[in-house]
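Bear in mind these aren't lab numbers, they're just calculated from the coordinates by the rules spelled out. Treat the numbers as computed from the prediction; the structure is a model and nothing was measured. Note that each Cβ is placed from the backbone with ideal geometry, even for glycine, and that neighbours are counted across all protein chains shown.
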């Protein structure tokens, strides 16, 4: 019998004042970070400049008795980046800071080998940068790298807002409507499957259960607050089956342990004791988390809206990755596999059929799927 190792529980403490929740969370963050610092050795932190990685950097600098090294990514001076923010945090916290340049040619040259390191075909554009960060950490002689993963799925990041708006305005009370809306909110390939899959693939999947079965149990319970349902689902899907295994697998391939204090069970339990209004309020995300670390960081970092690491996927697919994508997706092995319709994929590669910003992300998904299948199935 398979039993869960741990499952977050909703125990909202409505009697505790907001300041009490802030203090309790701060204590939990300090304990979780301290427990993940390597004894007697320097520590690395991957630093994007967002509030999550910045607060982990600040806590590591405050609690560790050895040097803290921070690592940030640049995709090129001509592209939008967060380097001003990550540099500000590194200077504020007194870390040894290093910026790694990752260009499209490097990604094209290393994508197939990087995807092969993954146990599942995770279609994340940060796979090669994640591996290169691990290599830089290992080259500098460190074996532990902290990261800021977990802030959004634990404390109410902005990606929950579309689903909360849907809940306010939906007129279909059926549970399936909520699950279908969540799947649409990914804006990946879910709605494209009817025309993307070949007739043979659709026939093979005709009797398969709907994808909504993976999300509906969380969206309909057991938690009472809708935001907590979304966070619970994000923890189990984006966290446990995407973020954590991807980062840990790629860093472990270079002898580095990735550790995520914001995903610590103790921190998650504290987060689920916080009333939802203290996590996402008036359109501001992660309110209680920001308040808990406001004294550790410059105001610019705490109050800035989330932008995320903007990976230039579409530029890469039009440039350095163009030949790789065409050779892989329009090849004879891909056709013989019988999964994806060649005409649809060719249209995506040519930029036809969509001008939406997610078009490049969808092409990236099918490209990494094909490369993963070559490594693990062929």
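Over the stretch 188-337, what is the mean sequence separation of C-alpha contacts under 8 Å (at least six apart), divided by residue count, expressed as relative contact order in percent?
RCO, the stretch 188-337: 8 percent.
In nm, what is the difference between 0.36 nm times the number of residues separating residue 98 and residue 310 and their Cα-Cα distance?
Gain in length upon complete extension: 74.4 nm.
Below 8 Å between Cα atoms, with a sequence gap of 6+, how large is the relative contact order for the chain in percent?
Rounded, it is 27 percent for the chain.
What distance in nm separates the two pseudo spin-label positions at residue 41 and residue 252, each 7 Å out from Cα along the beta-carbon direction?
Those two pseudo-labels are separated by 1.7 nm.
Nearest 5 is fine: what % of DSSP beta bridges in the chain come out antiparallel, could you say?
10 percent
Over the stretch 53-158, what is the relative contact order in whole percent, taking alpha-carbon pairs under 8 Å and six or more residues apart?
Averaging sequence separation for qualifying contacts and normalising by length gives 27 percent for the stretch 53-158.
Per residue and in Å³, how big is the convex hull formed by the alpha-carbon atoms of the stretch 72-172?
So the per-residue Cα hull volume is 189 Å³.
Calculated from DSSP H runs of 4 or more alone, at -39500 (n - 2.57) each and per residue, what is the 222 nm mean residue ellipticity of the chain, nearest 500?
-14000 deg cm²/dmol
Along Cα→Cβ, 7 Å out, is where each label goes; now give me the distance between the ones at residue 77 and residue 203 in nm to one decimal.
Between residue 77 and residue 203, the simple spin-label model gives 5.8 nm.
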